[in-house]
Every structure is written in structure tokens, then in C-alpha cells.
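Right, one structure below, let's go through it.
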Amino acid sequence: MQGIRTANNSKKFVNFLVFDQPIINKEAEIFVLQNVKFIGFCDETGLDDESRFNAFADTLDGPVKDLFDVIRNEGHRLYDPAHQDADTNEGFVHMLRALFVSWSKDNNPADSLATRILSFKWKNYHIRGTFYPPNEFKLRLQSLWRIHDMLPLVGAPTTDEAKLKACWDGLPEEAKDFINDDKETDPFDAEHNGVNAITYTDLFDMLDHFWNRNYKKRYESNSGDDKKGGKRKRDDDDDDDDDDGHDNRRDRNGKRQRTGKRNGRGNGKGKQNDRNGRRNERRNGGGKNNFDALCKLHDNATHAYKDCIFCPTGPNFKADRAKQFYESGKAPD
């Protein structure tokens, strides 16, 4: 299933793929963050209560618009249109959560995402021939946990201790020795029953010196790989990889192998399958991020949508002009 979001009377379409993986994918992540940005836009421009719902409806089209209409009129376990707060800003947040669950077909998206994040192991993530810089890995975890907090949660919240334990279990032994011996730190503070336990962000902050001392030189010496397209990318949805979401198969020279097996195929037609895969990806809304494509809100535009004044997450976003656009329903000049 695909959803399409547009602005009023525009030709701008942004595809969002179904969220059917135990880790949020790029399209679903954009969907969540764009909705959060939309709330900020409404707060800034004074679009409240029912007008907020109406403005949001103007940004929807296709199957997602159909889901929105059903939820708005018939309700959902997370949104009751008959409730006294149904048309308030608080009700709007409940509606967004209901829309995400209906669109994603995942009744427990926050729980699924938490399970996946806790499975990440720093020792399994590599870039430029070494471990990811601890700070980069930490920032990515923080970003995913923030998205987790925006989604409906069914089970119990993940505790700080559980987050710390998952990150600790994902460290190589030499990193643990560095924390215990060089830093003379017990992350869990067993002596005082965890009263002074550190957080998972503290853990990665402490690893900066360890990484700088042992891996920074190799990381910097391999920086040319980025320009050659050799930089490793996250692929958190790939079920064929290790549990960290990366394919670690390499040949004897350390280069990544491109095999049919990675795509679930072992028929010896690697190039043909690659072409077919890319063709299917384009048909399904994948490939180049539509936010990098030319803006279709303006006729004969020469700028990318992400640089448009009507893109809520872009650097040139102008709230007053966007509000006029939403209220008038007219395409911009």
C-alpha cells in the first residue's frame, strides 16, 4: 500500500511505503518527522483545533486520505470522533497515531521499533574499515528513540537500564575493558544498586577517547572511500544481513561482494537482477528521495522541493506564506 501527500491543487506527490518491518524505514521515518514538523507549523501559525485537521487533510491524497477520512468519521481504537476532545489539538495527535497504525498495518509500532533498536550492536557497524565513530552511533540511536516516543506504545516503556544493557552487550571486549579498567567505571554501578549508573549516551561519550586512540587514524586514512561511493550505509530493513542490519560479506581483498544471495536470489544473474530490482524500486516509490527532486509546486521550477518555501522541513520554509497557501487553496505564484 502506498500513500500520497500533496499540497492544495499542486502536482507535488510524495510516496510513503508501507511500514511492515520491525525497524522503521526511511519513508516511514520521513512520514513521522513531517507530521511532527506540521504540528510545529500549526503552533507557529495559529492553526488550532478543527482548522488543524482541515489543513492536514489538504496535504493528503490517495489511500492515506481515504484512511484519514475513515478514522475521522468512523474512529479507531486510538481516536474517538465522538469524544469531547476529538477536534482539539490533543485529539489531532491521537488521530495522527491512529493514522500511522492504519497506514503501517502495525498495531504496535513503538514496541516493534524498540525491539529492533535494542538489537543494534556497535561492534557490528563498520565504516571505512573500522567501527562507526561512537558519537555518530549515539546520535542515530537518539534519533530512533525520539521517533519511538512519537509512536503509540502498547507495552511497557523501555527503561534506561535496558537501553544501557543493550548498548553494553553490543560492545567488543576491548571497549568494555577500556570502560572498566581505563575509566575505572562500572556502567551499572552494581555496588550501589544502580544509583549512579550511567546512561547509554554517557557510555558512547566515554568511548570517544577509546575510538580516537585506536581507530581514528584508520577511519581518516580511508576517507577517500566516501568519494568513491565506498561509504557504508545503514540498511536496517535487510533480513538477509546480520542482526545489526548490515551485510558484512567481503572478498579476500576486503571489498564488498555483490551477490544474488543478498537479494534472496542465487540464480547467477546478478546484473540482470540488479536492473530488475532498480526498476521495481522506482515503480514502488523507492530510489531517489522525492524531497531532492525538482519542486512541482511551482511551474518550471529550478529548485528542489526541499529548498522550496513550502517544504516544512526545508531551510527556506516560510510559515506565513505556507499558511496563506493552506488557507487560500491556491497554487503559489
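Here are a few things to note about the model shown:
- Heavy-atom accessible area with a 1.4 Å probe sorts T185, T159, largest first, into T159, T185.
- Annotation: for a label point projected 7 angstrom from Cα along Cα→Cβ of E220, residues of region 93-129 with backbone N closer than 18 Å are 127-129.
- FRET efficiency for E174 and E29, using Cβ-Cβ distance with R0 set to 41 Å, rounded to 0.05: 0.80
- Accessible-area value, F317, 1.4 Å probe, nucleic acids and ligands omitted, Å²: 50
- If R0 equals 30 Å, the separation of the Cβ atoms of D160 and V70 corresponds to a calculated FRET efficiency of about 0.20.
- For H76, distant residues with modelled amide H under 5 Å away: none
- For the residue pairs K37/K121; K183/K217; K37/K216; K163/K183; K123/K165, the alpha carbons lie more than 26 Å apart in K37/K121; K37/K216.
- Of the whole protein surface, V70 contributes about 70 Å² of accessible area at a 1.4 Å probe radius.
- Extension gain (nm, one decimal) between L153 and D202, 0.36 nm per residue minus Cα-Cα: 15.1 nm
- Centre-to-centre, using Cα atoms only, region 70-128 and region 178-225 are separated by 33 Å.
- Accessible surface for region 67-143, divided over its residues, is 42 Å² per residue with a 1.4 Å probe.
- Check: region 42-157 dipole with +1 on Lys, Arg Cβ and -1 on Asp, Glu Cβ, in debye: 1260
- Between H83 and K105, the FRET efficiency from the beta-carbon distance, with R0 = 30 Å, is close to 0.75.
- Region 120-196 - percent of accessible surface contributed by carbon and sulfur, probe 1.4 Å: 46
- Using the average count of surrounding beta-carbon atoms within 10 Å as a protection proxy, the listed peptides 104-116, 138-150 rank, highest first, as 104-116, 138-150.
- Extending 7 Å from Cα along the Cβ direction at D292 and again at E191 yields two label points whose distance is 5.1 nm.
The values are calculated or read from the model by the stated rules, or taken from the named source; none is laboratory data. None of the values given here were measured: they were computed from a predicted structure. FYI the Cβ positions are ideal-geometry reconstructions off the backbone, even for glycines, and counts take in every protein chain you see. Heavy atoms of the whole protein, side chains included, go into the accessibility calculation; ligands, DNA and RNA do not. Shrake-Rupley method; radii C 1.70, N 1.55, O 1.52, S 1.80 Å.
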